[in-house]
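The values are calculated or read from the model by the stated rules, or taken from the named source; none is laboratory data. Because the structure is a prediction, the values reported are computed rather than measured. Positions of Cβ are generated from backbone atoms using ideal geometry, with glycine treated the same way; all protein chains shown enter the neighbour counts. These area figures cover heavy atoms from the full protein model, side chains too; ligands, DNA and RNA do not enter into them. Shrake-Rupley method; radii C 1.70, N 1.55, O 1.52, S 1.80 Å.
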Amino acid sequence: MSIELSVTHRMLWWQTVEEDDLPEHWQVSADVWSLDMCPPEHRHVADFSIAVADLNGDRNLLDSIELGEWALEFIAETVIDLSAGTLLPELDQQISDGLPRMVILRRFELAPAWRGFGLAGPLIAAALERFATTARLAVCRFSPADFYAVSAGRVEAELTCLRLGALLERIGFYLWRGVYVVDLRNPTLTDASFEPLERWGPYSDPSQ
């Protein structure tokens, strides 16, 4: 209950808001700040890397992607009408109205000491909720190739993808043409961020 989220926007010191990288780069860190609650070596809980892209014809997401950023390329080409800078009509109808921006979950890593407690989903949901008033949807794309370096082989890498997909689906994401998508106003996302309160909060049922 003492985990805090720090949300930081990263940009070069000399850039103005209009000159900021496209997409914007955001970092989210989850930490226990109270020394009384946790040993210093275990205070860091998780890291997130998030990008926020405008959805309009003047600021093309693909124009700003560095060479080799295949996940962002796939997302852009899959969910956006690049000529208009808007979501594809079929997807647009499934997402609540809001500011024409998209959050891209690029990386999430839970510290080893905090794994196995069911915190990944709630922390992802809580981090994404911070953007619910400034963007319409969040997306995520991964493949077995992302995990070859840390897996014993292709089968394990594919199982990792399946586990991550199931994790995202539990907090409201759904698979759309190879990209995981969630409406940032989806009540399931909100509920997922509060799930630890039901287990460990002051009014939780100790028998659960």
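Quick notes on this structure:
- For segment 75-174, the fraction of 1.4 Å probe accessible surface lying on carbon and sulfur atoms is 57 percent.
- Here the gap between residue 44 and residue 83, fully extended at 0.36 nm per residue and compared with their Cα-Cα distance, gives a gain of 9.8 nm.
- Fully extended contour minus Cα-Cα distance, from residue 93 to residue 74, at 0.36 nm per residue: 4.8 nm
- Residue-normalised accessible area of segment 3-200, expressed per residue, 1.4 Å probe, Å²: 54 Å²
- For the pair residue 29 and residue 143, label points projected 7 Å from Cα toward Cβ lie 3.3 nm apart.
- Evaluating 6.51 cos²θ - 1.76 cosθ + 1.60 at θ = phi - 60° for every residue in segment 175-190, the Karplus couplings come out as 7, 10, 6, x, 10, 7, 10, 9, 6, 5, 9, 5, x, 4, 5, 5 Hz, glycine and proline recorded as x.
- Packing-based order for 74-86, 109-121, using average beta carbon neighbours within 10 Å, highest first: 74-86, 109-121
- If the chain linking residue 14 and residue 191 were pulled fully straight, counting 0.36 nm for each residue of separation and taking away their Cα-Cα distance, it would gain 59.8 nm.
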